[in-house]
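Comments concern the structure below.
The values are calculated or read from the model by the stated rules, or taken from the named source; none is laboratory data. Please read these numbers as outputs of a predicted model, since none were measured by experiment. As a convention, Cβ positions derive from the backbone with ideal geometry for all residues, glycine included, and neighbour counts pool all protein chains shown. Each accessible area value is taken on the protein alone, full model and side chains, heavy atoms only, with ligands, DNA and RNA left out. Shrake-Rupley method; radii C 1.70, N 1.55, O 1.52, S 1.80 Å.
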Amino acid sequence: MTSTKKFKIIKKGDNPALGNFVRYYLHQNKIEMKTVSDGLGVHYNTLNKYLKNSSFQFTILWRMSKIVNYNFLIDLGQWLDIPFETKVEKELKAEIENLKQDNRDLKRENDLLREIVKR
């Protein structure tokens, strides 16, 4: 009897294979697997098993992010194609709008002063 778990069935639009995703990043950035395995406190072979899986525990991904100082979560989130703004981005947009308004006000004031000087 073959049992196929529904969550293991690959569907169009599914997440990228997490192990491959992390392995690719480590390879591209020349980060040694030993550095990550030591940081996780696991044997090199255990890390290799993680990276062969299409998914693994969130905590492991979180710790890997901290070890290599890279936010895998944000990178993965961009694959969702769902618009998202961080708190910092929202604050910066608000600051930009305030600066634009200040700029408009200063231009009006400048134009008014030029008119007064011409008289």
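Is it the case that some residue within segment 9-18 is open to solvent by less than 90 Å² (accessible area, probe 1.4 Å) and either in a helix (DSSP H, G or I) or among the basic types (Lys, Arg) (or both)? Yes. Remark: residue 45 matches the filter, which requires a residue to be at pLDDT 85 or above, open to solvent by 80 Å² or more (accessible area, probe 1.4 Å) and not hydrophobic (A, V, I, L, M, F, W, C).
Exactly one residue out of 63, 104 is open to solvent by 100 Å² or more (accessible area, probe 1.4 Å) and in contact with a Gly (Cβ under 8 Å, 6 or more places away or on another chain), and it is 63. Of the residues making up segment 69-101, those that are at pLDDT 90 or above, surrounded by 10 or more Cβ atoms within 10 Å (Cβ to Cβ) and under 29 Å from residue 55 (Cα atoms) are 70, 71, 72, 73. Looking only at segment 21-37, residues that are open to solvent by 80 Å² or more (accessible area, probe 1.4 Å) and within 18 Å of residue 52 (Cα to Cα) come to 5 in all. Filtering segment 64-85 to residues that are within 10 Å of the chain's Cα centre (by Cα) and either over 30 Å from residue 42 (Cβ atoms) or not acidic (Asp, Glu) (or both) leaves 70, 71, 72, 73, 74, 76, 77, 78, 79.
Scanning segment 1-20 for residues that are aliphatic (A, V, I, L, M) and at pLDDT below 70, we see that the one that is farthest from residue 76 (Cα to Cα) is 1.
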